Amino acid sequence: MDRIRIYNGMPASELGSEGWHKPWSGGNGGECVEAMRLQDGRVALRQSTDPNGPALIYTHGEIESFIRGAKAGEADFLLHAAPCGCGEVRTA
């Protein structure tokens, strides 16, 4: 890949089509988050249904902290839908 300026929110298509992975998948009709490890150790995330949309760029440390926290249950609140279906987060 030619040297490009990599920044948060850049078009994911500028990172190329090779190297994107779906680290997890579920019964969501193919709407998945895809991840790419960049040469400098950062990680890019994009929405699989919008491969030309924005890429979110995270440092290795940021991704590591998120994964450790998720494994420890610190992101479980994201799984609790509001009873009204209006997008509000319900706390335990």
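The values are calculated or read from the model by the stated rules, or taken from the named source; none is laboratory data. Bear in mind the structure is a predicted one, so any value in this text is a computation, not a measurement. Glycine gets a Cβ as well: all are built from the backbone with ideal geometry, and neighbour counts include every protein chain shown.
Assorted remarks:
- Within the range 39-92, the set of residues being aliphatic (A, V, I, L, M), over 17 Å from the mean Cα position of the chain (by Cα) and modelled with pLDDT of 90 or more comprises Ala72 only.
- For the range 47-71, filtering for residues that are in contact with a strand residue (DSSP E or B) (Cβ under 9 Å, 6 or more places away or on another chain) and small (Gly, Ala, Ser) leaves 3.
- Contact annotation: residue pairs with Cβ atoms under 8 Å, 6 or more positions apart or on different chains, pairing a residue in the range 5-18 that is surrounded by 10 or more Cβ atoms within 10 Å (Cβ to Cβ) with a partner that is of a type in the set (S, T, N, Q), are Pro11/Asn52; Ala12/Asn52; Ser13/Asn52.
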